[in-house]
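Here is the structure we will look at, set down as C-alpha cells.
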Amino acid sequence: MLYGMCHMINKLEKIVSLCKRRGFIFSGSEIYGGIGGFYDFGPLGAELKFNIKQAWWREVVQMRDDVVGLSAAIIMNPKVWETSGHVSTFSDPLVECPKCNRRFREDEGHKKCPECGGDVSSIQARRFNLMFKTFVGPAEDSASLAYLRPETAPGIFVNFKNVLDTTRIKMPFGIAQIGKAFRNEINPKDYIFRSREFEQMELEFFVKPEEEYIYFEYWLKERQDWYRALGLNNFRARAQEKEELAHYSRATSDIEYEFPFGWKEIEGIAMRGDFDLSAHSKSSGQELAYKDEETGEKYTPHVVEPSAGVDRLALAFLCDAYYEEEDRVVLKLHPKLAPYKVAVFPLLKNKPELVEKARAIFKNLKTIGLNIAWDDRGNIGKRYYSQDEIGTPFCITVDFQTLEDDTITVRDRDTMKQERVSIGEIKNLLEQKIK
C-alpha cells in the first residue's frame, strides 16, 4: 500500500516536471517568485485547454438543437451574489495557528499546525468567504463594492429572460457557458486541481418540474459517455451524501477521477430545482418564468446542472495519458485533445530537397485546420520520442523515397508502427484517424 502511494505521488511529480519542461503549465509570475494558487498555461497547455473546451462546446452546444451558448460578464451587480446566497454562505471553515499564524481549512483534519507543529485541536474555526472583492469606479467604498464571480452559473440565470426573448427555443432547453471563475481558496493545493483562478464549463438545462429527475439521469449518462469517447479511464460517478449537498440541491452526483492524490471531483451534475430562478425573480422583481405558447401553461422551470472544471480536466487527461514505456515517455492523449495533431519531419535537415518537400506538406496540412508541428532537430529517433512526450498522435517523415514516388512515412504514437502512404492520401487519412 505504501509503495502504491509513493508510486502515485512520484507520478504526479513527473507530470509536473514534464508540464514545466515542455511548456504545458508554468507557475504564475514565476520570475518574481510566483503567487500561490495561480498558474499560467504555456504554448502546449493553452492548446490542450482550448481543445477540451472546443470538444465540450461541440458536444454540448453545437451538436444539439436544444442548447444555446452565452458569455456573461465576470463582474456582475453585487445583488446577484446576495440573492444567490454567495455573500452569506459561500465560505470555508478556517483555522489560524496561534503560534505561527498559518491559516488552513478545518476540514483538512489537522490536529497540529502543518507549519510549526503547534496544537490546533482546540482552535475554534471561523467562516472565511471565498469571493474576491474589488471596486467598480474611482471610489473604494461599500457603494462601489463588487466581486469576481466564484462560478459562472448566475450569469446564465440572470439572462434567462433575455435568452427566451431573443430565441425561439422551447422547453426543455439549456444555456451553456465557458468562462473564468475565481475563489480565494484558503489553501490551494494538488497542483492545478485546487487553484484560485480557473475555468468552468457549465450547462443549465431547464425542464418541467416533474421531469427534473429524468433529465438528471440523462445528463449523468451523457457526461460519462463524453469522457469515455475521449478515452478517459479511472473515473467513476458517485452520488453525494445528504450532508454533502448544497442548500439548493435535491440530488448531486460527482464524476470523480483517480488522481495521484486520490479520487477527486472533475464534474458535478446537480438538480438545482427552481431555487435560482425563483430567488432572482423575487429579488429583481422580474418574472423569470416560462409560458408554453401551445397550452398557455406558465411555470418556473427546474434546472439540471452539469458543471465541469477545465483546469481539473486538463490535469485528469494528462495524468490518464502519462505512460513510461521502456526508454520513452508518452502522453496517449486522444487525437482531439492533443496540442499537435501531426508533426512533419525532413529525414535530414541538411538536404534542401527533403526540407523543401517536407515544408510543402507542412503548409498544405495547415490548410485543413489541424495544428501541425515542424521538427528538424537531432536524429529521427529523438524527434519521434520528443513528439511522443507531448502527445502528438502522428509523425510524418519525408525521406529519399519520397522524392522518387511521392510517398511518406506515417508513424503512430501509441503503436510506433509505420505505414507508407501517398502524399495525396494524407489529408483523408489524418481526418479519419483524428475524428
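Of note:
- When Phe275, Phe198, Phe205 are checked against the criterion of being more than 28 Å from Thr167 (Cβ to Cβ) and either surrounded by 13 or more Cβ atoms within 10 Å (Cβ to Cβ) or touching a strand residue (DSSP E or B) at 6+ places or on another chain (Cβ under 8 Å) (or both), Phe198 stands alone in meeting it.
- So Phe198, is it farther than 17 Å from Val60 by Cβ and touching an Asp or Glu at 6+ places or on another chain (Cβ under 9 Å): yes
- The lone exception for Pro150 - which of (1) within 24 Å of the chain's Cα centre (by Cα); (2) outside any loop (DSSP other than H, G, I, E, B) it fails: (2)
- Considered as a group, the residues in the stretch 224-242 that are more than 12 Å from Glu256 (Cα to Cα) and in a helix (DSSP H, G or I) include one that is farthest from the chain's Cα centre (by Cα), and that residue is Lys242.
- Within the stretch 348-379, considering residues that are in a loop (DSSP other than H, G, I, E, B) and among the small types (Gly, Ala, Ser), the one surrounded by the fewest Cβ atoms within 10 Å (Cβ to Cβ): Gly369
- The stretch 119-139, residues that are part of a loop (DSSP other than H, G, I, E, B) and either loosely packed, with under 12 Cβ neighbours inside 10 Å or at pLDDT 80 or above (or both): Ser121, Ser122, Gln124, Leu130, Met131, Phe132, Val136, Gly137, Pro138, Ala139
- Residue pairs whose Cβ atoms lie under 6 Å apart, separated by 6 or more positions or on different chains, with the first residue in the stretch 115-133 and assigned by TED's automatic domain parsing to the domain that holds Ser195 and the second surrounded by fewer than 14 Cβ atoms within 10 Å (Cβ to Cβ) and not in a loop (DSSP other than H, G, I, E, B), do not occur.
- Selection of the stretch 47-60 for residues being closer than 18 Å to Glu197 by Cβ and in contact (Cβ under 8 Å) with a residue 24 or more places away in the chain yields Leu48, Lys49, Ile52, Lys53.
- Where strands (runs of 3 or more DSSP E) fall wholly inside the stretch 261-336, the ranges with 2 or more residues that are among the hydroxyl-bearing types (Ser, Thr, Tyr) and out of contact with any Phe, Trp or Tyr (no Cβ under 6 Å at 6 or more places or on another chain) are 322-325.
- Single match in Phe206, Phe198 (criterion: in contact with a helix residue (DSSP H, G or I) (Cβ under 6 Å, 6 or more places away or on another chain) and of a type outside the set (S, T, N, Q)): Phe198
- Test result for Phe345, surrounded by fewer than 23 Cβ atoms within 10 Å (Cβ to Cβ) and not assigned by TED's automatic domain parsing to the domain that holds Ser281: no
- Restricting the stretch 173-191 to residues that are assigned to a strand (DSSP E or B) and of a type in the set (D, E, K, R), the residue that is surrounded by the most Cβ atoms within 10 Å (Cβ to Cβ): Lys189
- Listed conditions (1) in the same structural domain as Arg228 (by TED's automatic domain parsing); (2) farther than 26 Å from Phe26 by Cα are all met by Leu315, apart from (2).
- Looking across the stretch 182-224, the residues that are among the aliphatic types (A, V, I, L, M) and at pLDDT 95 or above come down to Met201, Leu203, Val207, Ile214, Leu220.
- Any hit, the stretch 411-434, residues being in contact with a Lys or Arg (Cβ under 8 Å, 6 or more places away or on another chain) and part of a helix (DSSP H, G or I): yes
- Within the stretch 162-172, considering residues that are without any contact (Cβ under 8 Å) to a residue 24 or more places away in the chain and not in a loop (DSSP other than H, G, I, E, B), the one farthest from Thr300 (Cα to Cα): Thr166
- Flag set for Ile214, criterion: surrounded by fewer than 18 Cβ atoms within 10 Å (Cβ to Cβ) and among the hydrophobic types (A, V, I, L, M, F, W, C).
- Lone unmet requirement of (1) buried (at least 17 other Cβ atoms within 10 Å of the Cβ); (2) within 26 Å of the chain's Cα centre (by Cα); (3) under 20 Å from Phe206 (Cα atoms); (4) in contact (Cβ under 8 Å) with a residue 40 or more places away in the chain for His247: (1)
- Every residue from the stretch 82-110 that is part of a helix (DSSP H, G or I), within 16 Å of Lys133 (Cα to Cα) and at pLDDT 75 or above: Glu82, His86, Val87
- Looking only at residues in the stretch 17-65 that are polar (S, T, N, Q) and part of a helix (DSSP H, G or I), the one that is nearest to Pro335 (Cα to Cα) is Asn51.
- Listed conditions (1) touching a strand residue (DSSP E or B) at 6+ places or on another chain (Cβ under 9 Å); (2) farther than 30 Å from Leu12 by Cα; (3) crowded, with 18+ Cβ neighbours inside 10 Å are all met by His280, apart from (1).
- Test: residue in the stretch 112-126 that is among the acidic types (Asp, Glu) and more than 27 Å from the chain's Cα centre (by Cα): yes
The values are calculated or read from the model by the stated rules, or taken from the named source; none is laboratory data. No experiment lies behind these values; they were computed from the predicted model shown. Don't worry about glycine lacking a Cβ; one is built from the backbone with ideal geometry, like all the others, and counts go over all protein chains shown.
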